[in-house]
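Q: Let me give you the structure first, and then I'll get to my questions.
The values are calculated or read from the model by the stated rules, or taken from the named source; none is laboratory data. Small disclaimer: the values here were computed from a predicted structure and weren't measured. Cβ placement follows ideal geometry from the backbone for every residue including glycine, while neighbour counts extend to all protein chains displayed. Accessible surface areas use protein heavy atoms only, side chains included; no ligands, DNA or RNA. Shrake-Rupley method; radii C 1.70, N 1.55, O 1.52, S 1.80 Å.
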Amino acid sequence: MNNDTIIKKRIAIFGSTGSIGTQALEVIETNEDKFSVEVLTAQQNDDLLIQQALKFNPNIVVIGDEKKYRKVKDALASTDIKVFTGENALEEVASMDCYDFMLAAIVGFAGLKPTMKAIEIGKAIGLANKETLVVAGDIIMNKAVENKVPVIPVDSEHSAIFQCLIGETRNRIEKVILTASGGPFIGRKPNYLVNVKREHALQHPNWNMGAKISIDSATLMNKGLEMIEAKWLFNLRPEQIQVVIHQQSIIHSMVQFEDGSIKAQMGLPDMKLPIQYALAFPKRLKNNFPRLDFRKVSTLSFEEPDVKTFRNLVLAQEALNKGGNLPCIMNAANEIVVYAFLRNRISFLDMTDAIEKTMQSVTYIGKPTLEEYFESDGEARNFAADLINL
Ligand code: NAD
Ligand code: MG
């Protein structure tokens, strides 16, 4: 008998109704012999959560918004699925020993605490939620090492780097080259950006993603967050991280070793691949995703990012260099301004200005504790919100 067919990996998807969460469920659906769904969580989207629960029959679901608890509970009354809600539900469920692998696919700072709990009880992590490492990467990665927890990146760039590093444990990295599509406003200047609206900013040329990361991609903050994410995942110094614009999103990122040799991981832009890779690691699973045909790719282009226009990259570089709570402050301010922009409360270029002012104003701490990270997050949110009159 084949062991693979008997022991299924039990998956907890935190943020199952999002872009990453739903794509993960598609991967699981086609590999039902290898994975079972144990936990599903959503903040608002009760209808989709109910639908997912009825289809995948998890042990537990969490609906963040307490007003929606009754509806979810009633809809699942004929099943034995347990329904949780409330402020501490995510952490409580993350601490339960009913799953093997957490796919951390909540967006923003909200993903940090449940991921921390999962690491504390020794669960493997598939990390989509980059904000967790931006806010408290030192504490998270130290805990993971202490508890021998693998943190497998889901972000396509970091999955690429992770894949390039397989078989290279004894070899030093000279640098990593993070590729960036440049987002919908590549080549544009401030006089154009001053007028762009949310609908336009949400149109990403290569990827279909949640609202927050789509705006982050348009402002290039996404790449800034990813530089900091790379630092913690791969234990890099700031000068070992380079960003290059590669509009086609075919090369997902590269690693250059000390002998100058460069490895790249490539493929069509499709998040299901890095999601599947993280779920099945160290195995590669056969699938029927569309294949890249090099005869049909006429150009792979590379250029330097325009940091004069997309100043978020400069701010992120500063946060990366200075460390401490500065990335946490930057992330908090960014979350505030992105949601304000999504609600048409501020303009595209106002976002960077507010992040910069917040970074200059909130007290810098060189080596924060977890509590101090939480305090800095709160302080930066309040400061940024006041600044833009929210
Ligand atoms: P999304 O907005 O589509 O989904 C977010 C999920 O998190 C939803 O299930 C939502 O219910 C849940 N959620 C939102 N706010 C919450 C809160 N306060 N508390 C608890 N749950 C909450 O986002 P996404 O695009 O799937 O991105 C998820 C994460 O993955 C982000 O950190 C993003 O940067 C990262 N990521 C996404 C992609 C992508 O292609 N979408 C690629 C790389 C990395
Ligand atoms: Mg990415």
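Q: When Glu174 is evaluated against the numbered criteria (1) among the charged types (D, E, K, R); (2) out of contact with any Leu (no Cβ under 6 Å at 6 or more places or on another chain); (3) open to solvent by less than 50 Å² (accessible area, probe 1.4 Å), which criterion, by number, is the only one it fails?
A: Just one mismatch for Glu174, condition (3).
Q: Now for a different question. Looking only at the stretch 296-310, count how many residues are open to solvent by 90 Å² or more (accessible area, probe 1.4 Å) and at pLDDT below 95.
A: The total comes to 2.
Q: Select from the stretch 333-347 the residues that are open to solvent by less than 10 Å² (accessible area, probe 1.4 Å) and either touching a Phe, Trp or Tyr at 6+ places or on another chain (Cβ under 7 Å) or of a type in the set (S, T, N, Q) (or both) and list them in ascending order. Break it down into steps so the answer makes sense when it comes.
A: Narrowing the stretch 333-347 to residues open to solvent by less than 10 Å² (accessible area, probe 1.4 Å): 333-334, 337-338, 340-341.
Passing the criteria: Asn334, Phe341.
Q: Out of the residues in the stretch 224-240 that are of a type outside the set (A, V, I, L, M, F, W, C) and in contact with a Gly (Cβ under 8 Å, 6 or more places away or on another chain), state the one that is most open to solvent (accessible area, probe 1.4 Å).
A: Step one: of the stretch 224-240, the residues of a type outside the set (A, V, I, L, M, F, W, C) are 224, 226, 229, 231, 235, 237-240.
Cutting the leftovers down to in contact with a Gly (Cβ under 8 Å, 6 or more places away or on another chain) gives us 229, 231.
Numbers: Glu229: 0, Lys231: 38 Å².
In this case the residue turns out to be Lys231.
Q: Which of the residues that make up the stretch 316-331 are surrounded by fewer than 22 Cβ atoms within 10 Å (Cβ to Cβ) and not basic (Lys, Arg)? Quick ask: steps written out before the conclusion?
A: Pass one, the stretch 316-331, residues surrounded by fewer than 22 Cβ atoms within 10 Å (Cβ to Cβ): 317-318, 321-324.
Gln317, Glu318, Asn321, Gly323, Gly324, listed by residue number.
Q: Can I ask one more? If you check every pair at least six apart or on different chains, which have Cβ atoms under 7 Å apart with a residue in the stretch 340-369 that is without any contact (Cβ under 8 Å) to a residue 12 or more places away in the chain first and a residue that is surrounded by fewer than 21 Cβ atoms within 10 Å (Cβ to Cβ) and β-branched (Val, Ile, Thr) second?
A: Once the first residue is without any contact (Cβ under 8 Å) to a residue 12 or more places away in the chain and sits in the stretch 340-369, no partner that is surrounded by fewer than 21 Cβ atoms within 10 Å (Cβ to Cβ) and β-branched (Val, Ile, Thr) comes close enough.
Q: Note down all Cβ pairs under 8 Å where the first residue falls in the stretch 291-320 and is without any contact (Cβ under 8 Å) to a residue 40 or more places away in the chain, the second is of a type in the set (A, V, I, L, M, F, W, C) and not in a loop (DSSP other than H, G, I, E, B), and they're at least six residues apart or on different chains.
A: Partner pairs satisfying both residue conditions: Val307/Leu313; Val307/Val314.
Q: Give the stretch 205-223 a look and list any residue that's over 14 Å from the mean Cα position of the chain (by Cα) and surrounded by 19 or more Cβ atoms within 10 Å (Cβ to Cβ), or say none.
A: Scanning the stretch 205-223 gives Ala218, Thr219, Leu220.
Q: Let me ask something else. At least 1 residues that are open to solvent by less than 10 Å² (accessible area, probe 1.4 Å) in each: list the helices (runs of 4 or more DSSP H) lying fully within the stretch 1-65 that qualify.
A: Ranges flagged: 19-29, 46-56.
Q: Another one. Give the stretch 94-112 a look and list any residue that's open to solvent by less than 30 Å² (accessible area, probe 1.4 Å), more than 8 Å from ligand 1 (Cβ to nearest atom) and not in a strand (DSSP E or B), or say none.
A: Ala94, Cys98, Tyr99, Leu112
Q: Could you tell me whether the stretch 115-122 includes any residue that is within 16 Å of ligand 2 (Cβ to nearest atom) and open to solvent by 20 Å² or more (accessible area, probe 1.4 Å)?
A: No, every residue in the stretch 115-122 fails to be within 16 Å of ligand 2 (Cβ to nearest atom) and open to solvent by 20 Å² or more (accessible area, probe 1.4 Å).
Q: Taking the condition assigned to a loop (DSSP other than H, G, I, E, B) and either loosely packed, with under 14 Cβ neighbours inside 10 Å or more than 16 Å from ligand 2 (Cβ to nearest atom) (or both), does Thr169 pass?
A: Criteria met by Thr169.
Q: Next up: Can you tell me how many residues in the stretch 152-166 are open to solvent by less than 50 Å² (accessible area, probe 1.4 Å) and either more than 21 Å from Leu225 (Cβ to Cβ) or in a loop (DSSP other than H, G, I, E, B) (or both)?
A: 3
Q: What are the residues in the stretch 128-151 that are of a type in the set (A, V, I, L, M), in contact (Cβ under 8 Å) with a residue 60 or more places away in the chain and open to solvent by 10 Å² or more (accessible area, probe 1.4 Å), if any?
A: Correct list: Ala128, Ile139, Met141, Val151.
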